[in-house]
Amino acid sequence: RDTLHALFIGNSHTYVNDVPGLVTRIAETSPAGPHIVAESVVRGGAYFEEHLDGGIAQQRIAEKTWSHVVLQGQSLEAASRNAFLPSAKKLSDLVIAAGAKPAWYVTWAWAQENDLYPNVSRSPEELQDRLSVGYAEAARQAPGSVLACAGGGFRASLAAHPEVRLHQADGFHATLAGSYLAASSIYMSLTGNVIPDSAEIPAGLDAAQGSPRGP
């Protein structure tokens with residue numbers, strides 16, 4: 001089987017529940033392949049500009065061993081777009097120069113009960129629209145990009161199955177179910193394949209219902 005080498009650059013939406021690890025496990029249990037080898041440069045709450053200033057992200061991208069670099073920004077950054085797009089272009093230019101493909105990890109709106117909403121937008125729907133548009137514009141700046149629309153998956157799942165909890169109690173971070181949904185979106189964007197029936201489901205999740213197992 002072929003092997004994809006993916007570098008993840010992001011923050012807690014990447015490392016909570018080990019989203020890169022979930023992606024690799026989906027790939028390993030797919031009979032059609034490919035294998036996915038994943039490494040990460042992550043920092044809690046980091047904006048793209050902070051990754052650029054820190055220097056580690058540039059060094060890792062420049063190794064030129066990657067087929068894809070998965071780019072995940074901070075929610076306020078991506079929703080504003082004015083600050084997000086210049087930093088996103090700098091990162092994606094580095095990715096393309098290294099011979100890799102930018103993959104944009106489109107994150108989700110915060111839960112409705114989050115106290116910060118009056119400061120950023122009027123509703124989760126508006127915030128998700130802003131996030132989705134911001135990442136889509138970043139992708140248009142970078143030829144050959146792919147979009148992993150985890151946020152759109154959250155929106156669809158919450159509408160169809162509101163009983164499935166995708167946000168942790170803090171209203172920001174994903175539960176294991178939410179992280180698995182995000183990992184599934186990333187797997188599909190990297191490979192162009194649907195999630196195979198044989199894909200490993202994390203313990204406690206039900207593949208058929210998309211919800212935690214329970215009595």
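Multiplying the sequence separation of Ser80 and Asp197 by 0.36 nm and subtracting their Cα-Cα distance, what value in nm do you get?
On the way: separation 117, 0.36 × 117 = 42.12 nm, distance 3.81 nm.
Gain on extension, Ser80 to Asp197, equals 38.3 nm.
Tally the DSSP beta bridges in the chain and give the antiparallel ones as a percent, rounded to 5.
Details: 3 of 22 bridges.
For the chain, the DSSP antiparallel bridge percentage is about 15.
Quickly work out the Ala62-to-Lys90 label distance, labels modelled 7 Å from Cα along the C-beta direction, and quote it in nm with one decimal.
Inter-label distance under the simple model: 1.4 nm.
Looking only at Gly152, Gly33, Gly73, which one moves most when the chain is put into a Gaussian network model with springs between Cα atoms under 10 Å?
Between Gly152, Gly33, Gly73, it is Gly33 that shows the largest mean-square fluctuation.
In nm, what is the difference between 0.36 nm times the number of residues separating Glu50 and Ala169 and their Cα-Cα distance?
Values: separation 119, 0.36 × 119 = 42.84 nm, distance 2.69 nm.
Going from the current span to full extension adds 40.1 nm.
Assuming 0.36 nm per residue, please report the length gained on full extension of the stretch Glu28 to Gln112 beyond their Cα-Cα distance.
Numbers: separation 84, 0.36 × 84 = 30.24 nm, distance 3.54 nm.
Difference between extended and current length: 26.7 nm.
What range in the chain is the longest one free of trypsin sites (Lys or Arg not before Pro) that are in a loop by DSSP and have at most 14 other Cβ atoms within 10 angstrom?
Numbers: sites that count: Arg1, Lys64, Arg122, Arg213.
It works out to 123-212.
Using amide H atoms built in the peptide plane, which far-off residues or other-chain residues are under 5 Å from Asp206 H to H?
Ser211, Arg213
For Cα extents along the principal axes in Å, one of [x] 51, 48, 25; [y] 87, 51, 33; [z] 47, 44, 38 was computed from the structure I shared and the rest are decoys. Which label?
[x]
For the chain, what does the accessible surface come to per residue with a 1.4 Å probe? Please give it in Å².
Numbers: 9660 Å² over 215 residues.
So the chain comes to 45 Å² accessible per residue, rounded to a whole number.
Give the range of the longest stretch in the chain that excludes all GluC sites (Glu not before Pro) found in loop regions by DSSP and having at most 12 other beta-carbon atoms within 10 Å. Mind showing how you got there, number by number?
Working: sites that count: Glu63, Glu113, Glu163.
In the chain, the maximal stretch lacking such sites is 1-62.
In whole angstrom, how far apart do the alpha carbon centroids of the stretch 32-53 and the stretch 117-173 sit?
Rounded to whole Å, the Cα centres lie 18 Å apart.
Using Cα springs under 10 Å in a Gaussian network model of the chain, which residue among Thr14, Thr191, Thr107 shows the largest mean-square fluctuation?
Answer for the Gaussian network model of the chain: Thr191.
Heads up, I need the accessible area for Ser189: 1.4 angstrom probe, whole protein in place, Å², nearest 10.
Per-residue accessible area (Ser189): approximately 20 Å².
Test of understanding: in a Gaussian network model of the chain with alpha carbons linked when under 10 Å, which of Ala174, Ala103, Ala203 would top the mean-square fluctuation ranking?
Ala203
When the helices in the chain are scored as -39500 (n - 2.57) per DSSP H run of 4 or longer and the sum is shared across all residues, what 222 nm value do you end up with, to the nearest 500 deg cm²/dmol? Working shown, then result.
On the way: 10 runs with 95 residues, N = 215.
Rounded to the nearest 500, it is -12500 deg cm²/dmol.
Compute, for the chain, the length of the dipole vector about the Cα centre, with Cβ point charges of +1 (Lys, Arg) and -1 (Asp, Glu) only. Units Debye, rounded to 20. Before the final figure, lay out the partial values.
Working: 15 positive and 21 negative charges, 84 e Å.
Computed charge dipole of the chain: roughly 400 debye.
What part of the accessible area of the chain, given as a whole %, is carbon or sulfur when the probe is 1.4 angstrom?
Details: 5280 of 9660 Å².
The computed percentage sits at 55.
The values are calculated or read from the model by the stated rules, or taken from the named source; none is laboratory data. Note that the structure is a prediction, hence the values are computed from the model and not measured. Don't worry about glycine lacking a Cβ; one is built from the backbone with ideal geometry, like all the others, and counts go over all protein chains shown. Just the protein is used for accessible areas: all its heavy atoms, side chains included, with ligands, DNA and RNA removed. Shrake-Rupley method; radii C 1.70, N 1.55, O 1.52, S 1.80 Å.
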